[in-house]
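The values are calculated or read from the model by the stated rules, or taken from the named source; none is laboratory data. Treat the numbers as computed from the prediction; the structure is a model and nothing was measured. Backbone-built Cβ (ideal geometry, glycine too); neighbour counts: all protein chains shown. For the accessible areas, the whole protein counts, side chains as well, though only heavy atoms, and no ligand, DNA or RNA atoms are used. Shrake-Rupley method; radii C 1.70, N 1.55, O 1.52, S 1.80 Å.
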Amino acid sequence: MRRNNLKRICCMMYVIGALLGLAGCGSMSSESVRQEENATVFYDEKVTDKNINIKETVETNTQETETVFETGKQDAEMEVQNAAAYGNPKEVLDNIVIVSNVEVIKSETDELQMNFEIENLGVCTFVAGKGKELALPNEVFVEDTKIEWTAPTANGEYIFPHMKANETGDQFLIDWEYNEYRFAIYGKAPQKTSDRDMAGKVALAIIRNLGAEEIKE
């Protein structure tokens, strides 16, 4: 009789232990699920934030690139306003073999400034305007150094451009006037006279195109 009771007690304890073990496993499983869910949410938030940051960075870089591109495009497409009154100088310079890198710096109906390079001479500046002082170097150009030419325009008029050097002899200036417009080309004076004369030839080429639109009309 006692043996049977002892067996029953052991069986009951075994069953209770098993049930407690299952409950513990269930509790652990629920806790693991909750931890995994929290980890997933945290991971998703981090990934989402990271994606947002990447998107914002890409958009910012794209906008900056577009801005630079548009600015460069605008500069490249800058045209000379009132070009005929200036003798279409950009067109003339673009077609002179010894001239390169022609760039319009400022263009208005009454003012024009361009930079360009002459072979063996370097960077020169062309300026022109009407009713205002030209933007010239802050130098004194000596009258005794003046060299004058006679130059015909497209419509058969003659004007007299002249070249002068500054006091130290390291800069030159060629200037002339036509139809209330003033013109000038200046730059660093080369050592060779033949190279300096190249600037004079460029000036004569621009002058020969002055008045061309009047002929067409």
Practice problem: Consider residue 145 carefully, then state whether it is buried (at least 16 other Cβ atoms within 10 Å of the Cβ), touching a Lys or Arg at 6+ places or on another chain (Cβ under 9 Å) and farther than 26 Å from residue 103 by Cα. | Solution: yes
Quiz item: Hey, among the residues in segment 112-140 that are open to solvent by 30 Å² or more (accessible area, probe 1.4 Å) and assigned to a strand (DSSP E or B), which one's nearest to residue 190 (Cα to Cα)?
Solution: 123
Self-check item: Close pairs from segment 159-172: first closer than 15 Å to residue 191 by Cβ, partner small (Gly, Ala, Ser) and assigned to a loop (DSSP other than H, G, I, E, B), Cβ under 7 Å, at least 6 apart
Solution: 165/189; 169/189; 170/189; 171/189; 172/189
Quiz item: Any residue at all in segment 170-179 that is open to solvent by 40 Å² or more (accessible area, probe 1.4 Å), under 24 Å from residue 81 (Cα atoms) and not aliphatic (A, V, I, L, M)?
Solution: yes
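Any residue in segment 183-201 that is β-branched (Val, Ile, Thr), open to solvent by 40 Å² or more (accessible area, probe 1.4 Å), assigned to a strand (DSSP E or B) and in contact (Cβ under 8 Å) with a residue 24 or more places away in the chain?
Applying the first criterion (β-branched (Val, Ile, Thr)) to segment 183-201 yields 185, 193.
Filter once more, keeping what is open to solvent by 40 Å² or more (accessible area, probe 1.4 Å): 193.
Applying the additional criterion that residues be assigned to a strand (DSSP E or B) yields none.
Scanning segment 183-201, I find no residue that is β-branched (Val, Ile, Thr), open to solvent by 40 Å² or more (accessible area, probe 1.4 Å), assigned to a strand (DSSP E or B) and in contact (Cβ under 8 Å) with a residue 24 or more places away in the chain, so the answer is no.
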Practice problem: Show the residue pairs that are 6+ apart or on different chains and have beta-carbon atoms under 8 Å apart, the first residue being within segment 84-109 and over 18 Å from residue 122 (Cα atoms), the second being exposed (fewer than 13 other Cβ atoms within 10 Å of the Cβ). | Solution: 85/179; 107/79
Self-check item: Unmet criterion (only one of (1) under 32 Å from the mean Cα position of the chain (by Cα); (2) at pLDDT below 95) for residue 149
Solution: (1)
Exercise. Might you let me know whether segment 150-157 holds any residue that is out of contact with any Phe, Trp or Tyr (no Cβ under 7 Å at 6 or more places or on another chain), within 14 Å of residue 209 (Cβ to Cβ), touching a residue at least 60 places away in the same chain (Cβ under 8 Å) and among the small types (Gly, Ala, Ser)?
Key: yes
